[in-house]
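Take a look at the structure set out below.
The values are calculated or read from the model by the stated rules, or taken from the named source; none is laboratory data. Predicted model only: the values in this text are computed from it and were never measured. All Cβ positions, even for glycine, are placed from backbone atoms using ideal geometry, and neighbour counts span all protein chains on display. Each accessible area value is taken on the protein alone, full model and side chains, heavy atoms only, with ligands, DNA and RNA left out. Shrake-Rupley method; radii C 1.70, N 1.55, O 1.52, S 1.80 Å.
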Amino acid sequence: MGWANQMGVGSGGFLPSSLPNLELWTKFNSGITVTGSGVSQWDDQSGNSNHLKQATDADRPSKESDGSILTDGISQFLKADAFTLVQPETIYILGKQVAWGNNWIFDGNTLNSGVLFQQTATPQVSIYAGTAVAQNTDWAVGVYEALAAIFNGASSSFKVGSNAETTGNASANNMGGFTLGTKGDASASFSNIQIKEVLIYSEAHDAATRSQIIGYLQSI
């Protein structure tokens, strides 16, 4: 990994924090606290202190040797304290599905408030903020991809890397926070995923901005 990527700078000198309305940024191999059996906190690099945390030792994901975070698909997840996050919302992830099983990749602070979930058959995922839409099969299991989900009512969408986006009306639920690896109430549907980076913006990014951030993630 080069100096630029260690600093969170893409190959073109781009920093995610150079864009407005950044609410949460957990960065690859940075700000990760391991306590007991796993990760107790992944620090938010946006300056908003929306850290992803896990107080229960058995539910802490592992920090892998490459600096990523790995959840086991049984009980492990990370969650931020509730914060103001209403539509439009754009969420980026650099990660992979280690296994597929009708589980939740992420949600908002409460149940089904802004979801990326595995739906119907491998490797399909969809987004949901009251209605499940934008079914997408571009995220192959076992492959790191840069993902972009927009929750913006009738203009919601989901995109994997440089592939075409899928679209639909995901409805109007507001995330109000962020939960990684399960439902917002942590009741079930824990996913087996490996994550390098998460970025959340409180606006709907246009195609050019999404391409810029996806390019940054792909350079990691």
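Within the same chain, lysines fewer than 8 places from Lys159 are excluded, and of the rest, those with a Cα less than 19 Å from its Cα are Lys96, Lys196. Per-residue ellipticity at 222 nm, computed for the chain from helices alone with -39500 (n - 2.57) per DSSP H run of at least four residues, works out to -2000 deg cm²/dmol. In the context of the full set of protein chains, residues of the range 163-220 present 34 Å² of accessible surface per residue (probe radius 1.4 Å, heavy atoms only). When peptides 174-183, 72-81 are ranked by their average number of other Cβ atoms within 10 Å per residue, the highest-first order is 174-183, 72-81. Taking every C-alpha pair closer than 8 Å and separated by at least 6 residues, the mean separation divided by the residue count of the chain gives a relative contact order of 26 percent.
Bridging of Lys27 to aspartates and glutamates at a Cα separation below 17 Å is possible for Asp43, Asp44, Glu64, Asp66, Glu145, Glu197, once same-chain residues fewer than 8 apart are set aside.
Think of each Lys and Arg Cβ as +1 and each Asp and Glu Cβ as -1; about the Cα centre, that makes the dipole of the range 148-220 roughly 140 debye.
Eigen-decomposition of the gyration tensor built on the alpha-carbon atoms of the chain gives equivalent ellipsoid semi-axes of 22, 21, 17 angstrom, largest listed first.
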